[in-house]
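Below: the structure, in structure tokens.
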Amino acid sequence: QAQLVESGGGLVQPGGSLRLSCAASGSIFTITAMNWHRQGSGKQRELVAGITYGGDTNYAHSVKGRFTISRDNAKNTVYLQMNSLKPEDTAVYYCNARINFRDVWGQGTQVTVSS
């Protein structure tokens, strides 16, 4: 059974940076797309960024130019570099991936942007 584990969340001041990591482990045969979602308090979960196996990326309009998604296929890991963070970026960030043709989610990591 495959699983995803996020790390790198925490408290940061506005304008600061964080890098989130998400590593897949377990019985893995294939991983296609890998994504980051987030859910703020009282809000719906939204797609933040996605990346295909080949490296094609897409971003939510609200983070474009500030966040960068990348992956290391040899390590089965996806990253989210977050720069110029704003209070509205505060949310639980979830890693998501298509592993063995099934949708797999991590447990989430809290990102709080505050002075």
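Laboratory data are not the source of any read-out in this text; all were calculated from the coordinates shown. The model shown is predicted, which means the values in this text are computed figures rather than measured ones. Positions of Cβ are generated from backbone atoms using ideal geometry, with glycine treated the same way; all protein chains shown enter the neighbour counts.
May I ask you to derive the FRET efficiency for ALA74 and GLN13 from their Cβ-Cβ distance with R0 = 30 Å, giving the value to the nearest 0.05?
With a Förster radius of 30 Å, E is 0.30.
Kindly write out, for the stretch 28-44 in residue order, the coupling ³J(HN,Hα) from the Karplus curve 6.51 cos²θ - 1.76 cosθ + 1.60 (θ = phi - 60°), rounded to whole Hz, with x marking Gly and Pro.
Using θ = phi - 60°, the values come out as 10, 9, 9, 10, 9, 6, 10, 9, 10, 10, 9, 9, x, 4, x, 10, 7 Hz.
Collect residues whose amide H, placed 1.01 Å from N in the peptide plane, falls under 5 Å from the amide H of ALA49; neighbours closer than 5 in sequence don't count.
Sorted by chain and number, the residues that satisfy this are TRP36, ALA60.
Under the rule of at least 5 residues apart or a separate chain, name every residue whose amide H is placed under 5 Å from the amide H of LEU85.
Under 5 Å from the amide H of LEU85 lie the amide H atoms of GLY15, GLY16, each far enough along the sequence or on another chain.
Using a 10 Å Cβ count of at most 14 others and DSSP loop calls, identify the longest part of the chain lacking such chymotrypsin sites (Phe, Trp or Tyr not before Pro).
In the chain, the maximal stretch lacking such sites is 54-100.
Treat every Asp and Glu Cβ in the stretch 51-113 as -1 and every Lys and Arg Cβ as +1, leave all other atoms uncharged, and give the resulting dipole magnitude about the Cα centre to the nearest 20 debye. If you can, show how the numbers build up before the last one.
Values: 7 positive and 5 negative charges, 16 e Å.
The dipole magnitude comes to about 80 debye.
With only alpha-carbon atoms in the gyration tensor, what are the semi-axes of the equivalent ellipsoid for the chain, in Å, largest first? Present the calculation step by step, with values, prior to reporting the outcome.
Values: eigenvalues 112, 39, 30 Å².
After scaling each eigenvalue by five and taking roots: 24, 14, 12 Å.
To the nearest 20 Debye, how big is the dipole of the chain about its Cα centre, given +1 on the beta carbon of each Lys and Arg and -1 on that of each Asp and Glu? If you can, show how the numbers build up before the last one.
Values: 11 positive and 7 negative charges, 9 e Å.
With only Lys, Arg, Asp and Glu charged at Cβ, the dipole is about 40 debye.
Starting from the 7 Å offset along Cα-to-Cβ, what nm value, one decimal, do you get for the label separation of THR57 and ARG98?
With each label placed 7 Å out from Cα toward Cβ, I get 2.0 nm.
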